[in-house]
Each structure stands twice: as structure tokens, then as C-alpha cells.
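The values are calculated or read from the model by the stated rules, or taken from the named source; none is laboratory data. From a predicted model like this one, the values you see are computed outputs, not experimental measurements. Counting neighbours? That spans all protein chains shown, and the Cβs are built from the backbone with ideal geometry, glycine included.
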Amino acid sequence: MAILNSNLIQRQPWDVAGISTSTLCVLHCLATPLLVVFLPVLEVVEKQTHATFAMAILALGLLAFWPGYQRHGRWQIIVTAIVGFGLISLGVTAPEGMLSESVEVAVTVLGGGTLVIAHLYNAFFCRNCRNCGGQDCMID
């Protein structure tokens, strides 16, 4: 993917970390139902795992999105990130039984995917912003 070239990795380490963490979260959410069937002990620590992922994603998101917003000023990326955080938070904090397991997984995966997209756009616009030295920024 052209958006993840070596220049991006050097200039946007928090976005790369956020993309990696959000992707790991999505993979975890997709694999956990299968693993719980084969390894029932995972069910005991599942809530703590979700809370840990949510806190890591929030911390990395703040480190990536706020400086990015200050560079390129695109509020749409911040709104997309907030939606992603909200979906992940809903999956983690919903009272037991409020959401079915499949809805909880779907909401969390959708939130993680939304954050991956927000990080990719954030990195792209930071890399292509006049304020950052790029040429395609829409901010004067």
C-alpha cells in the first residue's frame, strides 16, 4: 500500500502504531470466538483484554490524531476517530447481556476498522500538507 511507505513510517510513528494496534484489535475480535471454543480459559480474561486494548488504542489515538489535526486541520478525521473510539468503547463498556456476543464483536470490529481508516487518512494528509512540507494540502 503506497500510503505506508518508509517516509510515512519515519514521519508518522504514532499513526503507524495506531494502525497496528487497531488492526491487532480487529484480528483479536475476529479470532477470539474461535479461540474461546478451543481454549476456554481465555473467556476468563477476555474483559480485561478488551479494556487493555481500548486504553492502548485511546492513548495512541490521542498521540496521533491531535498533532495531525494541528498540522492539516481536517476535522473530519477527528470525527471519524471519535466514532471509532465510541464504537470500541461501546463494545468494552456495555453491561453484560446488553449486547449479544455477535453484536459486541461487530461493534468492536467496526470501531477498529474505522480507526484504521482514520489513521490512514491522518497520515496521508499529514504527509501531503503544505504545513508539513507536502504539496497537496488544502490548507493555505
*Taking the residues in region 47-97 that are surrounded by 15 or more Cβ atoms within 10 Å (Cβ to Cβ) and among the charged types (D, E, K, R) as candidates, determine which candidate is modelled with the highest pLDDT.*
R74
*asked:* As an exercise: evaluate G113 against (1) without any contact (Cβ under 8 Å) to a residue 40 or more places away in the chain; (2) under 18 Å from S22 (Cβ atoms) and give the number of the one condition it does not meet.
replied: (1)
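So, in region 66-83, exactly how many residues are farther than 13 Å from G18 by Cβ and touching a Ser or Thr at 6+ places or on another chain (Cβ under 8 Å)? Show your work before the answer.
Within region 66-83, the first condition is being farther than 13 Å from G18 by Cβ, and the residues that meet it are 69-76, 78-79, 82-83.
Add one more test, that the residue is touching a Ser or Thr at 6+ places or on another chain (Cβ under 8 Å), and what stays is 83.
Total meeting the criteria: 1.
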